[in-house]
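Structure record follows, encoded as structure tokens.
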Amino acid sequence: MKLACVVAAANLLLGLLCQPAALAQQTAPLLPDISIGIFEHESGSLEPAVEIAPGDSISPEAVRMTETRYIPMLLRYRIEATGHFGAVRVLPLLDNGAEVMIEGRILESSATQLRLALRAVDSTGRIWLEQEYAGSAISSESLNAEELIQDDFNSVYSEIVRDLEAALAPLDPAQRDEIRTLSLLRYGLGLVPQSFADYIGETPEGRMTVRRLPARDDPLLTRIEAIREREYLFIDVVDAEYSRFYADIKPVYDMWREYRREQADTAISRTEREATETSQFARGSYYALQENYNNYRWAKLQELYLDELSEGFANETEPTEIELSDSLYRLTGTLEQQYREWRTILTELYLLETR
Amino acid sequence: MPEFFAFSRAFSCALALLSAVLLTACSSRPEPAPAEAPLRAATQPDLSGHWEKNYQLSDDFNNRFSLYIADIQRRFTAAQSRTELQVLGAMPGSISNDAINGLARFAEELTRMPLLEVEQDAKGIKVERENDFTLRCNYKDRLYTSSTNAFGADLCGWNEQRMLFQMSMGGGLGITHQFSLSADGSMLDLTTTVSSDAVATPLIVRNVYQRYEPPEQDYNCILTLTRSTVCSQRGTPK
């Protein structure tokens with residue numbers, strides 16, 4: 001699938017021309033935005049490859065790659081569903097300008113167990129959560145729940161969301177405002193350290209504070225905001241890509257986990273069957289032939305089913321095209337590579353504009 | 001064409017090896033498959049397309065079964081006179097009517113397959129069949145390939161211009177599907193051989209398929225493990 005994001009130059013120019021909001025007097029809803037980086041997978045959780053046919057198997061790397069995106073996307077939908085937060089985005093890289101950034105590691109992921117290590121920090125350096133979450137799979141489906149946020153590890157995600165809400169609840173409006181202000185200043189610091197370093201202070205405990213604010217009509221701030229808007233353009237593309245990936249892979253991934261559970265059960269029953277393998281039908285009779293053929297047929301269907309799973313996991317990212325003003329930028333590689341490339345382009349654009 | 005003879009010999013050897021393996025594989029657990037053959041040389045016919053059974057050109061099963069029974073009786077009589085019963089039947093001194101009828105009934109059901117859809121490229125071939133699993137052969141650059149699972153083993157590949165799928169299952173059941181294309185490419189011949197170790201003579205059924213253009217379908221149907229054929233409406237917006 002070719003993904004194209006074409007943005008009219010006028011819209012961008014509008015972004016460039018718009019006046020910066022008065023940082024200290026922003027009246028935007030004080031629901032902090034949350035950025036979730038794609039997760040890392042602990043190397044110890046690799047499961048052996050599942051062979052579909054000779055030389056053809058579902059690679060554990062493909063499943064791991066899926067999980068590093070699937071789990072943060074599911075978390076994103078769960079957080080969004082609360083309505084207590086602003087925009088929730090999944091990003092290929094950590095965002096130094098995020099209001100609240102969630103990083104995660106998958107410590108264990110099997111058909112029956114999920115164990116995650118999460119760290120959520122806001123732009124002031126306040127730690128919202130830093131701990132492990134674990135749970136066992138409970139296959140339950142609620143008819144009232146949205147299909148996208150159904151998962152066998154609902155309890156794990158519910159616990160994370162509860163902890164995030166608990167971290168948000170005590171923050172007063174001034175603290176929430178400070179989170180938003182610092183996120184922009186820190187974004188600026190990443191682009192032009194020499195200009196933004198003076199605005200940000202640090203407490204002895206290592207927390208960031210707003211030392212002073214740029215003027216309301218500071219042209220530097222205007223440019224930084226415009227650049228960030230452009231970054232959001234790409235993030236929206238990424239978001240759409242991850243959403244599509246999630247929607248495509250969710251049924252495949254769900255089937256995969258179900259298959260792994262069944263496989264574990266079948267291994268036990270097969271051992272039992274082999275120990276007492278006798279057919280109730282006379283050898284050579286129609287029913288005996290049927291029984292043998294149906295067993296074989298079942299195994300073949302299972303191979304086919306695994307093959308389809310394998311195709312689902314082999315989902316690859318297509319190049320992204322973004323049009324900015326008169327230039328069309330074609331980004332290739334993984335989304336992580338594209339995001340790095342896009343950030344480089346934005347930095348170069350910024351330097352060009354400020355010469 | 002010496003290369004074809006060499007190829008045929010290689011395939012026959014592989015089949016013989018597989019048969020030997022299957023004898024043990026199906027009675028207990030699967031054994032390793034025989035070594036795979038080297039690169040195939042000839043360009044193979046393209047069997048791709050949608051095929052529907054031509055009943056006029058295909059075997060009438062009742063006729064085929066009558067001929068089969070007549071053949072068994074003829075061979076039985078001849079063998080009886082030569083006291084070679086062991087060669088013919090698993091039960092010396094008699095013919096198992098249950099086994100013959102069972103084999104015939106099973107073969108009749110197996111070979112109904114009114115429609116086939118074949119996809120083929122340089123790497124492999126897929127034959128989708130109604131209400132049965134898809135026959136797949138990932139021959140890539142090989143003459144044939146083999147695999148085993150808990151319930152049997154199979155060998156598939158090109159034997160000259162014919163595509164062969166040979167399967168062997170528990171209980172001494174063996175099935176070979178042999179596909180070949182007519183010279184003008186309009187007909188697909190499918191010869192199926194069904195054998196059982198309870199009956200000395202295999203039953204061979206020949207069906208002929210002709211190309212057809214499938215109508216645009218409103219439903220997309222797939223064969224699933226647990227729910228047999230499941231259909232969903234095409235074009236449903238996401």
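Descriptive notes on the structure:
- Computed over neighbours whose Cβ is under 15 Å from that of B:Asp184, the net charge equals -1, Lys and Arg +1, Asp and Glu -1.
- Using R0 = 35 Å, the C-beta based FRET efficiency linking A:Arg162 and B:Glu130 works out to 0.10.
- Relative exposure of A:His41, B:His50, judged by other C-beta atoms within 10 Å (fewest first): B:His50, A:His41
- Spin-label model distance (nm) - B:Leu67 vs A:Arg211, 7 Å beyond Cα toward Cβ: 9.7
- Label-point separation, A:Glu132 to B:Asp46 (7 Å along Cα→Cβ), nm: 5.7
- Label-point separation, B:Met187 to A:Leu352 (7 Å along Cα→Cβ), nm: 6.8
- Trypsin sites (Lys or Arg not before Pro) within the range B:117-191: DSSP coil, no more than 13 neighbouring Cβ in 10 Å: B:Lys123, B:Lys140
- Loop sites in the range A:120-201: GluC sites (Glu not before Pro), DSSP, at most 16 other Cβ within 10 Å: A:Glu141, A:Glu146
- For the range A:69-150: rounded, prolate or oblate by the Cα gyration tensor [a/c cutoff 1.5]: oblate
- The range B:99-152: C-alpha gyration tensor shape, a/c 1.5 cut-off, then a/b vs b/c: oblate
- Applied to the range A:84-91, the Karplus parametrisation 6.51 cos²θ - 1.76 cosθ + 1.60 on θ = phi - 60° returns per-residue 3J(HN,Hα) values of 9, 10, x, 5, 10, 10, 9, 10 Hz, with x for Gly and Pro.
- Rounded to the nearest 20 debye, dipole of the range A:80-210 from Cβ charges on Lys, Arg, Asp, Glu: 360
Every read-out reported here was derived from the displayed coordinates using simple, explicitly stated rules and does not represent laboratory data. If you're wondering where the values come from, they're calculated on a predicted model, not measured in any experiment. Glycine also receives a Cβ, built like all others from the backbone with ideal geometry; neighbour counts cover every protein chain displayed.
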